[in-house]
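Bear in mind these aren't lab numbers, they're just calculated from the coordinates by the rules spelled out. Keep in mind that this is a model prediction, so the values were computed, not measured. FYI the Cβ positions are ideal-geometry reconstructions off the backbone, even for glycines, and counts take in every protein chain you see.
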Amino acid sequence: MSTGGPTIASIKNTAFYRDVYEPAEDSFALVDALAAHAHTWRRAPPRLCLEVGCGSGYVVCSLALLLRGAGAAAQLLATDINPAAAAATAETLEAHGVHSRVDVLLTDLALVLLPALAGRVDVLVFNPPYVPTPEEEVERGGIAAAWAGGERGRRVVDRLLPLVPALLSPRGEMFMVAVHENEPEELLALMRDAGLEARVALQRKADEEQRERQQRRQQDLQQQLKQPQAR
Amino acid sequence: MKLLTHNMLACHIKGVQNGFPFKIEAEKVEVQEADFEPDFLQHIFPRIQWAALCEAAAAMGVEGLPAEATEEMLEDDAFMKKFHHALLEVHLQEGALVCPETGRKFPVSAGIPNLLLTEDEC
């Protein structure tokens with residue numbers, strides 16, 4: 001670490017509201033994978049990085065800090081479709097003093113950045129809404145956009161993946177979270193068919209207690225979301 | 001939002017052909033100092049749409065960018081400082097991005113452009 005600052009974002013300084021996905025085991029795994037990889041950025045600094053679906057901002061903030069630690073001057077962009085998430089990300093970035101390095105855009109995936117971004121993204125980060133849910137959950141908006149993944153949890157994943165080969169630069173890398181239900185082997189095969197290399201960078205078993213906690217939290221949220229309709 | 005980001009955004013309303021660049025309506029502009037990285041500027045220069053950057057800088061009240069820029073100017077320290085400032089230090093905090101073709105306004109609030117489309121626009 002060259003600057004003496006923090007290497008990744010702190011949970012304490014991460015903003016999340018009721019309508020924003022709170023950093024959880026999946027976020028930590030994603031940041032751990034990025035951190036394990038960051039030493040390669042010293043040699044070849046990424047110039048343009050993009051996180052699709054930035055939520056609380058915990059991941060993109062960690063990425064900004066890791067890039068700074070690696071001495072890489074990079075442009076960072078973060079998108080989310082949920083206004084509360086975009087605001088939380090901005091807040092998290094500011095709390096870590098990296099807000100001037102990352103621009104946050106309220107938009108769907110990265111459509112507004114194509115074609116300007118075509119072939120230019122060196123690091124693409126994606127923690128998609130991967131929880132299998134009924135299809136209609138996907139359209140609900142708000143916090144549901146952070147986890148509701150439709151059939152096999154693939155609804156949003158399958159919208160972004162076809163864009164990935166066009167977005168990535170020749171040296172570009174994508175870091176993406178998937179769970180068993182998403183059929184990761186098939187995701188890897190899809191990426192390989194598109195001419196990319198694909199592998200499992202990090203594998204983690206959510207321990208039962210954590211899984212339980214997460215499920216309960218999701219049930220709570222689903223309840224909250226259903227209440228207005230039930231009335 | 002920095003002008004570097006503005007330089008990459010294009011209106012993606014269905015059917016729009018010339019959605020680049022967004023016109024900027026600036027209500028509040030903030031200057032935030034950024035590390036001066038000549039390497040990065042040299043890397044990014046060939047990818048910048050210069051006319052769009054000039055127009056955006058003017059809308060933000062930033063002066064001193066030449067109307068045209070060439071590779072040779074990257075050797076000139078004074079030019080590099082101005083380029084750095086316009087690209088990375090000037091932030092649009094409040095205002096709007098206006099689609100050059102349709103006139104549709106996308107509000108910018110607390111530095112975040114809201115580029116969400118309505119169902120009819122997708």
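Brief remarks follow.
- Note on B:LYS2: lysines with a C-alpha under 19 Å away, same-chain residues under 8 apart excluded, are B:LYS23, B:LYS28, B:LYS81, B:LYS82, B:LYS105.
- In sequence order, the range B:39-44 has phi-based couplings of 4, 5, 5, 5, 5, 7 Hz under the Karplus curve 6.51 cos²θ - 1.76 cosθ + 1.60, θ = phi - 60°, and Gly or Pro positions carry x.
- Model label points for B:GLN17 and B:ALA58, set 7 angstrom from Cα along the Cα-to-Cβ axis, are 2.5 nm apart.
- Considered as an equivalent ellipsoid built on the Cα gyration tensor, the range B:27-90 has semi-axes of 18, 14, 10 Å, the largest given first.
- Exposed GluC sites (Glu not before Pro) absent: longest stretch of chain A, with sites in DSSP loops and at most 16 other Cβ within 10 Å deemed exposed: A:1-138
- Gain on full extension, evaluated as 0.36 nm per residue between A:ARG192 and A:LEU111 minus their Cα-Cα distance, stands at 26.9 nm.
- A:CYS61, A:CYS54, B:CYS122 arranged by Cβ crowding within 10 Å, fewest neighbours leading: B:CYS122, A:CYS54, A:CYS61
- Computed over the range B:1-40, the P(r) tail beyond 14 angstrom holds 62 percent of alpha carbon pairs.
- Nearest 10 degrees, 0 to 90: helix B:50-59 Cα axis against chain B principal axis: 80
- Sum of -39500 (n - 2.57) over DSSP H runs of 4+, divided by residues of the protein assembly as shown (222 nm, nearest 500): -9500 deg cm²/dmol
- Largest first and in whole Å, the equivalent-ellipsoid semi-axes of the range A:15-220 read 24, 20, 17, each the square root of five times a Cα gyration tensor eigenvalue.
- Binned Cα-Cα distances of the range A:111-179, short to long, each 5 Å bin given as a whole percent: 4, 17, 24, 20, 16, 14, 5, 1
- Modelled spin labels at B:ASP77 and A:PHE28, positioned 7 Å past Cα toward Cβ, are 4.9 nm from each other.
- The mean sequence distance of close C-alpha pairs (under 8 Å, at least 6 residues apart), as a share of the length of chain A, puts its relative contact order at 19 percent.
- DSSP loop GluC sites (Glu not before Pro) with at most 12 other Cβ within 10 Å excluded, longest remaining stretch of chain B: B:69-122
- Remark on A:GLU51: its backbone amide H falls under 5 Å from those of A:LEU77, A:ALA78, A:THR79, A:VAL125, a criterion applied only to residues 5 or more positions apart or on other chains, H modelled at 1.01 Å from N.
- Label sites at B:ALA51 and A:HIS39, each approximated as a point 7 angstrom past Cα along Cα to Cβ, lie 4.9 nm apart.
- Put in order of Cβ neighbour count within 10 Å, fewest first, the listed residues B:ASP120, A:ASP108 become B:ASP120, A:ASP108.
- For the range A:100-174, applying the loop criterion from DSSP together with a ceiling of 16 other beta carbons within 10 Å to the trypsin sites (Lys or Arg not before Pro) yields A:ARG140.
- Radius of gyration over Kirkwood radius for the protein assembly as shown, both on Cα atoms: the Rg/Rh ratio is 0.96.
- Arranged from fewest to most other beta-carbon atoms within 10 Å of their beta carbon, A:VAL177, A:VAL200, B:VAL90 become A:VAL200, A:VAL177, B:VAL90.
- Backbone HN-Hα couplings from phi across the range A:103-111 [Karplus 6.51/-1.76/1.60, Hz, Gly and Pro as x]: 9, 9, 10, 8, 6, 7, 6, 9, 4
- Peptide A:107-118, shielding by other chains (average Cβ, 10 Å cutoff): 5
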